[in-house]
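**Q** To start, I am sharing the structure in question, which I have written as structure tokens.
What follows draws every value from the coordinates through simple rules; no lab data is involved. Remember, it's a predicted structure, so these values are computed and weren't measured experimentally. Positions of Cβ are generated from backbone atoms using ideal geometry, with glycine treated the same way; all protein chains shown enter the neighbour counts.
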């Protein structure tokens, strides 16, 4: 069994109770490509939880916690595959000396919002074999000046993907590929490649 841990996000139920959230689209994308998703609630024993998993996904959301940064640093150091989505990508950028700024024109619910330009010397290019793809866009913040490698930019110059070239899989994307896998092969191929990397010991 190939176990993919999904770092939960804090949320609230309709009655106002605090809950830990895993987005169905992400768990579905994992299952579609041969993985078994489990939600991880990070606390002081996060290393044991991460060690149990074959790969990790940091979901989108509104805010991240200090323990997210500690866990991501540990995952990076042990070279466990990790995919960061939206806020998860921003977390990667912050860990490597980046910072976040708010923007106003990249949040909508379209299936395709805009094109991105993929660097041809990046792992993302090696996965997708394309220098341009169309993506959705549901974020209100972006990363600036991270020390990670830039993998893709939007036409207006914002960071859309980043990576660490020296790791098995350490890639963050600003869009939501999990929402596109049923109508866009590029997005499903990203998950498939991630899952394949999780099989490598």
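**Q** Taking Cα Rg over 2.2 N^0.38 Å straight from the coordinates, which label in (1) 0.95; (2) 1.09; (3) 0.99 is the correct one?
**A** From the options (1) 0.95; (2) 1.09; (3) 0.99, the structure gives (1).
**Q** Just 163, 15, 104 to compare: in a GNM of the chain, with alpha carbon springs under 10 Å, which one fluctuates most?
**A** With Cα springs under 10 Å in the chain, the top fluctuation among 163, 15, 104 is at 15.
**Q** Going by the alpha-carbon gyration tensor, a ≥ b ≥ c the square roots of its eigenvalues, is region 112-201 rounded (a/c under 1.5) or, if a/c is not under 1.5, prolate (a/b greater than b/c) versus oblate? List each step's numbers first, then the result.
**A** Numbers: a/c = 1.64, a/b = 1.15, b/c = 1.43.
Oblate.
**Q** On to the next question. If r is the Cβ-Cβ distance from residue 129 to residue 76 and R0 is 30 Å, what FRET efficiency results, to the nearest 0.05? Walk me through the numbers on the way to the answer.
**A** Values: r = 26 Å, r/R0 = 0.87.
For R0 = 30 Å, the calculated efficiency reads 0.70.
**Q** Kindly provide the helix-only [θ] at 222 nm of the chain, computed as the sum of -39,500 (n - 2.57) over DSSP H runs of four or more divided by all residues, to the nearest 500 deg cm²/dmol? Walk me through the numbers on the way to the answer.
**A** Working: 6 runs with 58 residues, N = 201.
The per-residue figure over the chain is -8500 deg cm²/dmol.
**Q** Follow-up question, since we're still on this one. Fully extended, how many nm does the chain gain between residue 65 and residue 45 (0.36 nm per residue separation, minus their Cα-Cα distance)? Please list the in-between numbers first.
**A** Numbers: separation 20, 0.36 × 20 = 7.20 nm, distance 1.52 nm.
Gain in length upon complete extension: 5.7 nm.
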